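Q: Next up is a structure, given as structure tokens.
Quick note: the coordinates plus some simple rules give every number you see, no bench work behind them. If you're wondering where the values come from, they're calculated on a predicted model, not measured in any experiment. Don't worry about glycine lacking a Cβ; one is built from the backbone with ideal geometry, like all the others, and counts go over all protein chains shown.
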Amino acid sequence: MSKDFNVVIERDVEGYLVASVPSLPGCHTQAKSLDVLMERIREAIELSLEVQQDDLDELVFVGIQKITVAA
């Protein structure tokens with residue numbers, strides 16, 4: 001059975017791409033290229049599913065908003 005997951009991808013200050021899966025707490029990885037990042041996040045998802053199994057909360061993707069705050 002296949003399952004779809006939303007992956008959030010950001011670039012950090014050192015130029016690495018960072019991927020995280022909101023519906024799988026602690027499921028994230030990083031890489032210098034998008035191709036490698038996609039391989040690594042797929043592996044991270046598979047490993048996370050092995051550990052969590054039936055404890056998944058179904059989240060429905062709504063969107064992403066950028067908010068600016070004074071620092």
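Q: Assuming I64 fulfils every condition listed in (1) in contact with a strand residue (DSSP E or B) (Cβ under 9 Å, 6 or more places away or on another chain); (2) free of Cβ contacts under 8 Å to residues at least 40 places away in the same chain apart from one, which condition is it?
A: (2)
Q: Also, quick follow-up: Kindly list, by first and then second residue, each pair from a residue in region 21-41 that is farther than 18 Å from F61 by Cα to a residue that is of a type in the set (K, R), limited to pairs with Cβ atoms under 7 Å and residues at least 6 apart or on different chains.
A: T29/R40; A31/R40
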